[in-house]
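Peer 1: Please find one structure pasted underneath; my questions will follow.
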Amino acid sequence: MPDLKLDDVTLHYEIDGTGPPLLLLAGMLSDSATWAAFLPLIKDCFTVIRPDNRTTGRTTPWNAPADCSLMAQDALTLMNHLGFQKFHVGGHSLGGLLSLEISHLAPAQVATVTVLASGRVRSPRTAGVFDALLAVRRAPEGEEIWLRALYPWIFGNKFFEDPAHIETALEAARAYPFAQTTDAMAHQVAAFRAFRPKAKPEQVSCPTLVLYAGQDLMIPPEMAGPSFAAIPNLTEATIDHSGHSIVWDAPQEVATHLLAFLGANPI
C-alpha cells in the first residue's frame with residue numbers, strides 16, 4: 001500500500017472501502033493493523049484511511065521526531081494529499097486525542113470526531129504501565145512476557161474466559177512483521193509523556209462521539225468522562241463489557257454506534 005514522503009518521515013498508510021472519507025488513528029503501541037477486526041464492518045460505507053503513526057508500523061524512520069502534534073499534522077497532511085476537503089476522523093486512545101487535535105488544526109475540514117476509549121487526563125498509573133512494560137520487554141525472554149503482561153490491561157473479562165484467546169493473540173502479535181520495536185516503543189512513550197493537547201473541549205466545533213469501555217483499566221470511564229463534558233455537540237455511550245482495546249473486544253458494537261453517528265452527521 002502507499003507511502004507519503006514528508007520532510008522527516010515516510011508515512012505509510014492503508015486505504016480501503018468506498019464512500020465519504022473516514023480517517024482512523026491508532027493508539028499507543030499500535031499501527032494501522034489495530035483496525036483489522038473493525039474495518040470489514042465499515043468499509044462498504046466509507047473510504048477508510050489508516051496511517052501508521054510515527055514510531056509504528058511501516059512509517060520510517062522509527063526514530064524521527066515523535067511529538068504528538070507532529071502525528072496530528074502528518075495525518076492532516078495525508079488527507080490534504082489525498083484531496084479530501086472534508087472528512088470524518090476518529091481514533092482509539094491516543095488516536096482519539098490526535099483526532100481532537102486535527103479538529104483544532106482544521107475545523108473547516110473535519111466533519112465529525114469519534115473518540116474511542118480515551119480521555120483528556122494525565123494518569124500517572126497509565127505512564128507507569130508503559131514504563132513497566134518496557135522494563136519487562138527488555139528483560140530476558142521479554143518479547144513474549146511483556147505481551148502477556150499487557151493483555152489484562154487492554155482486554156475485558158470475556159477475553160480471559162477462554163485461555164486459548166491469550167495464545168491466539170500472542171501468536172498473532174509475535175508473527176506480525178511490522179511490530180513496533182522496543183526502542184521505537186520507548187520513543188513513543190516519551191512522546192506520550194510530553195503530549196500537551198492544544199485542542200480545548202469547549203472549542204471543538206464539530207459533532208463529537210465519545211465511546212467509553214466499561215471495563216477500561218487504562219482510562220476508566222469515570223475518569224475520562226469529565227474531560228469531555230465541555231464539548232458543545234457531544235454524544236456519549238458506554239460499551240459495558242469492553243476493555244480498553246474496544247475495537248477488538250466489541251467491534252460490532254463500536255461499528256453500530258459509529259455508523260449511526262456518522263449517518264446522523266453526513267458530509
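Peer 1: What translational D, rounded to a whole number of µm²/s, comes out for the range 80-195 from Stokes-Einstein when the hydrodynamic radius is the Kirkwood one over Cα pairs, at 10 °C and 1.306 mPa s?
Peer 2: Value of D from the Cα-based Kirkwood radius: 96 µm²/s.
Peer 1: Once you keep just the Cα pairs under 8 angstrom separated by 6 or more residues, what percentage relative contact order results for the range 102-246?
Peer 2: Relative contact order for the range 102-246 comes out at 39 percent.
Peer 1: Going by how many other beta carbons lie within 10 Å of each one, how would you line up R50, R193, fewest first?
Peer 2: Ranking R50, R193 by Cβ neighbours within 10 Å, fewest first, gives R193, R50.
Peer 1: Quick one: putting +1 on the C-beta of Lys and Arg, -1 on the C-beta of Asp and Glu, what dipole do you get for the chain around its Cα centre, in Debye to the nearest 20?
Peer 2: 680 debye
Peer 1: Right, next: For the range 1-131, what does the alpha-carbon gyration tensor say about shape, rounded, prolate or oblate, given a ≥ b ≥ c as the root eigenvalues, a/c under 1.5 as rounded, and a/b over b/c as prolate?
Peer 2: In terms of gyration-tensor shape, rounded.
Peer 1: Which whole-number percent gives the relative contact order of the range 30-189, counting Cα pairs below 8 Å spaced six or more residues apart?
Peer 2: 22 percent
Peer 1: Please rank R174, R137, fewest neighbouring Cβ atoms within 10 Å first, as an exposure proxy.
Peer 2: R174, R137
Peer 1: I'd like the distance between the alpha-carbon centres of the range 58-79 and the range 162-231, rounded to an integer number of Å.
Peer 2: The range 58-79 and the range 162-231 have Cα centres separated by 17 Å.
Peer 1: Can you tell me which lysines have their Cα less than 20 Å from the Cα of K5? Leave out same-chain residues fewer than eight positions away.
Peer 2: Reachable lysines: none.
Peer 1: Moving on. Taking 8 Å as the Cα distance limit and 6 or more residues as the minimum spacing, I'd like the relative contact order of the chain as a percentage.
Peer 2: 21 percent
Peer 1: Most exposed first by the Cβ proxy, i.e. fewest other Cβ within 10 Å, how do W248, W62 rank?
Peer 2: Ascending number of Cβ neighbours within 10 Å: W62, W248.
Peer 1: Which whole number in µm²/s is D for the range 3-264 by Stokes-Einstein, with the Kirkwood Rh taken over Cα pairs at 20 °C and 1.002 mPa s?
Peer 2: Diffusion coefficient, whole number: 117 µm²/s.
Peer 1: Shifting gears a bit: Packing-wise, with mean Cβ within 10 Å as the measure, how do 176-182, 117-123 rank, highest first?
Peer 2: By packing density, highest mean first, the sequence is 117-123, 176-182.
Throughout, read-outs are computed from the coordinates displayed, never taken from laboratory work. Remember, it's a predicted structure, so these values are computed and weren't measured experimentally. Cβ: placed from backbone, ideal geometry, glycine included. Neighbour counts: every protein chain shown.
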